[in-house]
Amino acid sequence: MSIDTLDRSSPPRQWTHRHLLSLEALSAEEITLVLDTAAGFKEAARDARHKIPLLAGKTVANLFFENSTRTRTSFALAARRLGADTVDFSSSGSSLSKGETFIDTAKNIEAMGVDLVVVRHRTPGTPQLLAQNLGVSVVNAGDGPHEHPTQGLLDVLTIRDRLGRVAGLTVALVGDIQHSRTARSNLWALKRLGAHVILCGPATLVSKRWEELDVEVCHNLDEILPRCDVVNLLRIQFERQATAPFPSVREYAHLYAMNGERLARAKENILILAPGPINRGVEVTPDVADGPHSVILEQVTNGVAVRMAVLKLLLGGRS
Ligand code: NCD
């Protein structure tokens, strides 16, 4: 069976995982099952009038200990469009500030009859810790620089939708690879589905040691760009860095920003992705971010569909 066939067909009949903690742990078939399930939720993801009440009677709790716009909102919308109730927890204003431990807080939320917990935390491994301590399903919505599985899934769904396949494509992840959970989840999903992955950025943020994972590492965007079918532009995660990784943002932009001039030297149908938030003028210029090659907002819509698929598979709603 070719990798391309694997990418598209023969998904496993059943989803066997109780949690979604990483994409490193998923096979090509399991990733494909999520993508195919998400494809069926596209209408509902775009339009609240297409509610599919598969999860009526279930409750999803959003536990976000780091800032979020897209991920938090789309998990809430995904749950509601499947008929589930949602509850939102923010660390500020909670009893964590009164000395309650993280696990105790989570157990108390679980005790209120929650069926699934979505967690974002700056510490890698936090979702794993919750999965070990709670009796309900846990979804990782980003654990520090480690993984962001639903972002990886929505990125590959967007690529598959637009280009018809993932296998055989050359996909560059550009920017702060060192601190990007999006980069890691993309890397696993893309590799499982048979893409050629290039990691590109300053040497301070992209180590040659990544080559051990059978990916290409390059510090010169202009060198690799003509070969790329897809470029995923990753934000510089200043909040995760102790020291500045380059002398100034202007120098970074000069070498790595996707701008009109670079686009003109890329493949005619190149896709430009970015997980957001984008810093206009740093990793991408406005003309490119808002131009015809950009699928940045399509990614956001696909994010709702992917999260609906993940919730449905984990909570086992009727199909
Ligand atoms: C990403 C994240 O939080 O990891 N954003 C997102 O979830 N859409 C990427 C980022 O913050 O740069």
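Filtering the range 276-304 to residues that are under 30 Å from residue 53 (Cα atoms) and more than 15 Å from the ligand (Cβ to nearest atom) leaves nothing.
Residue count for the range 58-100 under the criterion of being more than 16 Å from the ligand (Cβ to nearest atom) and open to solvent by 70 Å² or more (accessible area, probe 1.4 Å): the result is 7.
Restricted to the range 206-319, the set of helices (runs of 4 or more DSSP H) holding at least 3 residues that are open to solvent by 50 Å² or more (accessible area, probe 1.4 Å) comprises 249-256, 296-315. Would you confirm, using the coordinates I've provided, whether residue 123 is among the hydroxyl-bearing types (Ser, Thr, Tyr), within 16 Å of the ligand (Cβ to nearest atom) and open to solvent by 10 Å² or more (accessible area, probe 1.4 Å)? For residue 123, the condition - among the hydroxyl-bearing types (Ser, Thr, Tyr), within 16 Å of the ligand (Cβ to nearest atom) and open to solvent by 10 Å² or more (accessible area, probe 1.4 Å) - is met. The residues of the range 186-205 that are open to solvent by 10 Å² or more (accessible area, probe 1.4 Å) and either outside the structural domain of residue 169 (by TED's automatic domain parsing) or part of a helix (DSSP H, G or I) (or both), listed by number, are 188, 191, 192.
Any residue at all in the range 272-286 that's without any contact (Cβ under 8 Å) to a residue 12 or more places away in the chain and over 23 Å from residue 117 (Cα atoms)? Yes.
The values are calculated or read from the model by the stated rules, or taken from the named source; none is laboratory data. Because the structure is predicted, anything quoted here is derived from the model rather than measured. Cβ atoms come from the backbone with ideal geometry, glycine included; neighbour counts cover every protein chain shown. Each accessible area value is taken on the protein alone, full model and side chains, heavy atoms only, with ligands, DNA and RNA left out. Shrake-Rupley method; radii C 1.70, N 1.55, O 1.52, S 1.80 Å.
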